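Read-outs throughout are calculated quantities, based only on the coordinates presented, and are distinct from any laboratory measurement. Every value quoted in this text rests on a predicted model; they were computed, and no experiment measured them. Don't worry about glycine lacking a Cβ; one is built from the backbone with ideal geometry, like all the others, and counts go over all protein chains shown.
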Amino acid sequence: MFRRPKAKLRVWWNTVQFPAESHQAIGETPPWTRRQEVKATAVLVIACFAIMFPCLAYPLIEPDETRYTQIALEMLDSRDWITPTIDGEPYLDKPPLMYWLTAISFSVFGISEFAARAPSVLSAITTIFVVFGIGRRFIGPRGAWIGATALLLSGGFVLAGRFLILDSMLAFFTTLCLLSGYVAVRERRHRWAWWILAGVACALGTLTKGPVALVLCAPPLIVSGWLRCDQTRTKISHWVAFVIPMLVMGVPWYCAVWKFNPEFGDYFFLEHNFNRFLNGSNHDQPFWFYLPILFAVMFPASLLLPTLGVFLLSTNQRKRQLRTKDLGFLFSGTVWILLFFSLSSCKLPTYILPAIPLICLMIGGMLDRTVFEPQKASRITSFLKPFPQRAILILVSACVLIAGVDGWMNESVDAVLILAIVACIAVTLATLYARNRDLAFSWKGWAATALAGLLVLSFTVARFIPTIATTRSLYAKASRIAEQHPEDYVVFYGEKPHGARLQLPFDRVIYFPKRSRDEFVTFVANHRHVIVLTSDEDIFATRYALADTHELVSVSDHEHLYAAQRLARTAQRPKAFTIHAVR
């Protein structure tokens, strides 16, 4: 009874939704010459390094970056590569690959913010070149290059790659797994080396963020082949070979950490993965949460998402004949990733990063087969002709807004901001001047749009994000005060000094947990002036504890940072600080 719906679904998928054969994506496009390939690769390399590497030494973002930095530092100090720890206690929330790479980065580059973020940055850059290098095998070099450029123009992807978080590395491994796995089965003669590479990538993904890597990668490879019912359909032997790298590379760590930490199984698999997916109390968001988030995370490349939606879902015969079965695989992978995280009760914007490379490849394929092949003109081609002008004006507006907020946060206007505003005015005038010229409707207009996007992103990541990080960083504020008082200790009371070694004079950093209240009071009493970092909910208790010898005063706009100054004479405890006030 179920055969008929299955047959209808397959017919719809293969004859209505994605009817064009795979070879049509690249068979009608002239192959690139060696010189074109070198130029395209050089442009990507220069653009990646210009956006991803400058100004990586801004303060760590609390709490994620400081937490992961602390875990890597403790791993480097203890030489325990099995059990990640934080404050000496096992940290079993995530697998250790990112911590391993961060610790290695510290040992190679020294302990710094740049070294902490280097593995994530390299993951993002490598993802861009995987999109270009592997994507060209089934959507052509021009489409893959456009897709890689669109990925570099996805602001959320770039920002995540410049932070010490796990999602950028997970996106790299899932992208490598999905694309290499598809290349392996795309032709009648399966390529087992590519399939093994997909298994290795998935195994490393499970060492980055757990079994979610397998959950994201396996269903698209299975479902796409089932829908097409052709050579891309995988067999049991494929999945046996796929699992072997996971058994060799991933299982040994899982077994070792489970042996040394018996609570690992229940905590990691049940509590932190299964229960968090079903009943996650943190970051609970509605089902449609990722629809607006996708536009925000992919901006400015997301300006093309409405057109992509029309291209993929239109029933027009001309558009349908441009949709190949290769795009069908990318579409199925994207839908699955977005659906999976939308069903989860725990949602964060960075979770959908693995879907962005696939979407960018679809954008590249769409533009390659519409705008850059005028002989296949359609309504999408006509609609996108003025797109460069519109996009540039939107980018200029965004840049002006970002520059204004940056000047407001810094409470000053410097030469960089003035230059940015002048550039925005000049670009606006040039765009309006060329609005009725052929330049706005040619590849030069698209190149100008990409350049404008890269400049806006470069300004954002190299200037605006460091400004935000410095403005809200507790350690940056404490470091400035510590420089003004080179003989004072920096005392953490209750507030844990995660990653403080990177930004504070660590030889002067002292930590007292809440249970060591008496020791904290005694230490402060023996010093004239102390810089105190404490949680805002404990501030009344801290004031009360020090009231006999020191006055606790705020020294910045951060609610956790104070200075303990010795009283001129022994004073009676203020009546305001009573036991009831502490409660």
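Odds and ends about this structure:
- Spacing of the two label points (7 Å from each Cα toward its C-beta) at Arg435 and His527, in nm: 6.3
- Across the range 340-355, rounded Karplus estimates of 3J(HN,Hα) from the backbone phi angles (6.51 cos²θ - 1.76 cosθ + 1.60, θ = phi - 60°) give 4, 6, 6, 6, 5, 7, 10, 10, 9, x, 6, 4, 8, 3, x, 7 Hz, Gly and Pro being marked x.
- Magnitude of the charge dipole for the chain, about its Cα centre and with charges confined to Cβ atoms of Lys, Arg (+1) and Asp, Glu (-1), is about 3100 debye.
- Sequence ranges 344-355, 538-549, 160-171, ranked by mean other-Cβ count within 10 angstrom, highest first: 160-171, 344-355, 538-549
- Using 0.36 nm per residue and subtracting the Cα-Cα separation, the extra length available between Phe114 and Asn261 on full extension is 49.7 nm.
- Per-residue packing, averaged as other Cβ atoms within 10 Å, sorts the ranges 131-139, 238-246 into the order 131-139, 238-246, beginning with the highest.
- Net charge of the neighbourhood of Ala415, taken over other residues with C-beta under 14 Å away and scored Lys/Arg +1, Asp/Glu -1, is -1.
- Distant-in-sequence amide contacts of Tyr511, defined by a placed amide H-H separation under 5 Å and a gap of 5 or more residues or a different chain, comprise Phe492.
- The share of Cα pairs per 10 Å bin across the chain, counted from zero up to the longest distance, runs 3, 15, 23, 24, 17, 10, 5, 2, 0, 0 percent.
- Computed about the Cα centre, the dipole magnitude for the range 154-228 is approximately 260 debye when only Lys and Arg (+1) and Asp and Glu (-1) carry charge, each at its Cβ.
- Dipole of the chain, positive end: most advanced residue of Leu73, Phe109, Met52 [Cβ charges, Cα centre]: Met52
- Considering only Cys217, Trp192, Phe383, the residue lying farthest towards the positive end of the dipole of the range 3-384 is Phe383, judged by Cα position with unit charges set on Cβ.
- Flagged links, alpha-carbon separation over 19 Å, of Lys385/Lys444; Lys6/Lys319; Lys94/Lys514; Lys209/Lys496; Lys39/Lys385; Lys209/Lys325: Lys6/Lys319; Lys94/Lys514; Lys209/Lys496; Lys39/Lys385; Lys209/Lys325
- Placed amide H near His550: partners under 5 Å, 5+ positions off or other chain: Leu567
- Each of Phe540, Ser556, Ile481 was placed along the dipole of the range 475-582 (beta-carbon charges, centred on the mean Cα), and the one lying farthest toward the positive end is Phe540.
- Principal axis dimensions, the range 60-198 - Cα atoms, whole angstrom, descending: 53, 32, 25
- Dipole magnitude of the range 260-418, debye to nearest 20 (Cβ charges: Lys/Arg +1, Asp/Glu -1, about Cα centre): 1280
- Sequentially through the range 242-255, phi angles give Karplus couplings (6.51, -1.76, 1.60; θ = phi - 60°) of 5, 7, 4, x, 5, 5, 7, 9, x, 4, x, 5, 4, 5 Hz, Gly and Pro residues having no value and appearing as x.
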